[in-house]
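These notes are about the structure you will find just below.
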Amino acid sequence: MALPEVHNIAQVPITSHAFSGDRSQLAVSLNSNDVQIYSRSGTDFVPTETLSEHDKLITSIDWAPNSNRIVTASQDRNAYVWQETPDPETGKLVWKPTLVLLRINRSATYVRWSPNEDKFAVASGARAISICSFDAENNWWVAKHLKKPIRSTVLSVDWHPNNVLLAAGSADMKARVFSAFIKEVDQRPAPTVWGSKLPFNTVCGEYTSPAGGWVHTVGFSPSGDVLAFASHDSSVSIVYPGGPAIYNIRMTSLPLVTLTWTSEDSIVAAGHDCRPLVFTGSEAGWQETGTLDDSKSGETSRAGAAGASSVGRLKAGAFATFRDADTRGQSSISGSSPSADTKLLTVHQNTITNARPYEIHGDQVTRVSTTGVDGILAIWDVNAVTALTARVGGIQLR
Amino acid sequence: MSQTVDIPQTIKDSLRKFRFARRNAGSAAIVIKINKQKLIMEEVEQFDNISIEELAEELPENSPRYVVLSHELKHNDGRTSFPLVLLNWAPTTSEIGMMTLHASALINFQNTADVSKVIEIRDGPEGLTKEIVNSKLA
């Protein structure tokens, strides 16, 4: 089993992360107004640059692999497009920001470049999605709004490979597919399973999961013919438009907040359970196949609070044992470690908020990167799936 | 009177010619834009016998323009007249600098073109239809 590559980036939550095209650089938002750029040095990531321009928390970052531009969206209702240009004085490459006025009156929540990197979509709390394209005549980014029929904050968006269709998951419990066709930028797209002849703001489909719940994340399959979304009712739904049915997988675990397709028939999703889950299936049906986090091989050494025990009648011995059992609910009577061990068995210690494809071979994603509220970046091998039922819980390897 | 944008003599001549051209049928339009670098007005193109919907397609969605329109208006008593009307085409997605320049030069342009009626179109192609123009002129 290939172990995940784990990096402790920060002690604060990572709101969003994006790798550069060659994966040598990483842009993160550490719950702050600035973008931190890390570069790979050996096996670690070291911080190299800070991009400061936003006035409020940066909610989402996306890095376009081919044109090497970063787009950041923030709670200050703006987006910036960053381009690496040579500085006139020093000649070094610096990141130069260009403001994009999204014309929204609420925070921006999510941003993604389109496949051709000539447009980007910004989801916002203003019940609209801003589709931004560059107008060369005026040298500025123009934002057009997808408004109807969104009734609440849009939580996430995903582009279809044809650069025109956009899936959006929203807090009004619906996942929708829109046409974001911009006259000056796009050619008339070929008809797809989602429809043909689609002017801007056409709704090609509107889906919801049986028990309802905010749709946290949406994703098109690599071909674009299938849509997957995860909602707050702890379920994942896979939609085949015009096909058989919508497959809904209810889980007993906590809701998922991020998902990414790894091939035409498998999805990696993660969320409040702090471990990535794998789902596979086809038009015939979908099921959960397991997890990428084989928690047996997680942290085995119980480093820690042994050094904190100090002298004193009240801190050691029987007094401490019973006090801990009473006030803190920690039972050390059975002989397990008396140190307060709140560490989870999984690699991530808190909700995973972002899962993105890291390494792609052909049309399959072989590795996925995840970041979460615990400030950890982990890169997983997609094929290292451990079936959940086969896991023998709690064995410590010493 | 100080002006932000100059109107060259060629534009003034085009406007006069447009005004006095004999109209047989349909609506005609002349589209003028502001050149931001040189701060002068430039004629983009002229249309003869164009429908309002086609004109809406031709105009850029993200840039402001002045359109002097000679609109074929059919009165309910059977007469057909061709009033001159100035369309202030100013979509809200346009760049802010251009919008400000466009707004500041409007009064001057209106006086030069000698057109009394102005219709504001702020929301792009949806806001420019034959019904809207007719209702504003009636």
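The values are calculated or read from the model by the stated rules, or taken from the named source; none is laboratory data. Nothing here was measured: the structure is a model prediction, and the numbers come from that model. Quick reminder, even Gly has a Cβ in these numbers, built from the backbone with ideal geometry, and neighbours come from all protein chains shown.
Quick look at the values:
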{"read-out": "Any hit, the stretch A:41-48, residues being assigned to a loop (DSSP other than H, G, I, E, B), more than 21 Å from the chain's Cα centre (by Cα) and either over 20 Å from A:H216 (Cα atoms) or modelled with pLDDT of 95 or more (or both)", "value": "yes"}
{"read-out": "Which numbered condition A:F120 misses (of (1) farther than 18 Å from A:E184 by Cα; (2) in contact with a strand residue (DSSP E or B) (Cβ under 6 Å, 6 or more places away or on another chain); (3) more than 14 Å from every other protein chain (Cβ to nearest Cβ); (4) in contact (Cβ under 8 Å) with a residue 12 or more places away in the chain)", "value": "(1)"}
{"read-out": "Residue in the stretch B:65-87 that is surrounded by 13 or more Cβ atoms within 10 Å (Cβ to Cβ), more than 10 Å from the chain's Cα centre (by Cα) and either within 14 Å of chain A (Cβ to nearest Cβ) or within 24 Å of A:L101 (Cα to Cα) (or both) present", "value": "no"}
{"read-out": "Of all residues in the stretch A:171-193 being crowded, with 24+ Cβ neighbours inside 10 Å and closer than 13 Å to A:Y207 by Cβ, the one that is farthest from the other protein chains (Cβ to nearest Cβ)", "value": "A:A175"}
{"read-out": "Residue check, A:F134 assigned to a strand (DSSP E or B), surrounded by 23 or more Cβ atoms within 10 Å (Cβ to Cβ) and either away from chain B (no Cβ under 13 Å) or of a type outside the set (D, E, K, R) (or both)", "value": "no"}
{"read-out": "Number of positions in the stretch A:307-333 that are at pLDDT 75 or above and in a helix (DSSP H, G or I)", "value": "12"}
{"read-out": "So B:N49, is it in a strand (DSSP E or B), modelled with pLDDT under 90 and either within 14 Å of another protein chain (Cβ to nearest Cβ) or surrounded by fewer than 17 Cβ atoms within 10 Å (Cβ to Cβ) (or both)", "value": "yes"}
{"read-out": "Exclusive hit being polar (S, T, N, Q), crowded, with 22+ Cβ neighbours inside 10 Å and either assigned by TED's automatic domain parsing to the domain that holds A:V382 or in contact with a Pro (Cβ under 7 Å, 6 or more places away or on another chain) (or both), set A:S24, A:S16, A:S67", "value": "A:S16"}
{"read-out": "The stretch A:201-245 - residue that is in a strand (DSSP E or B) and polar (S, T, N, Q) and, of those, nearest to the chain's Cα centre (by Cα)", "value": "A:T217"}
{"read-out": "Residue check, B:S94 surrounded by 18 or more Cβ atoms within 10 Å (Cβ to Cβ), within 13 Å of another protein chain (Cβ to nearest Cβ) and of a type outside the set (K, R)", "value": "yes"}
{"read-out": "Residues located in the stretch B:61-118, provided they are closer than 28 Å to A:A136 by Cα, part of a loop (DSSP other than H, G, I, E, B) and of a type in the set (D, E, K, R)", "value": "B:E61, B:E95"}
{"read-out": "Test set (1) away from chain A (no Cβ under 14 Å); (2) closer than 16 Å to B:T4 by Cα - B:T100 fails condition number", "value": "(1)"}
{"read-out": "Every residue from the stretch B:72-107 that is polar (S, T, N, Q), under 25 Å from B:N134 (Cα atoms) and modelled with pLDDT of 90 or more", "value": "B:N88"}
{"read-out": "Subset of the stretch A:132-166 (residues that are farther than 26 Å from A:T258 by Cβ and among the basic types (K, R))", "value": "A:K144, A:K148"}
{"read-out": "Members of the stretch B:116-137 found to be without any contact (Cβ under 8 Å) to a residue 60 or more places away in the chain and of a type in the set (G, A, S), listed by number", "value": "B:S116, B:G127, B:S135"}
{"read-out": "Single residue of the stretch B:17-34 satisfying the filter (more than 17 Å from B:P83 (Cβ to Cβ) and surrounded by 12 or more Cβ atoms within 10 Å (Cβ to Cβ)) that is farthest from the chain's Cα centre (by Cα)", "value": "B:I34"}
{"read-out": "One residue from A:I37, A:I14 being within 24 Å of A:T258 (Cβ to Cβ) and assigned to a strand (DSSP E or B)", "value": "A:I37"}
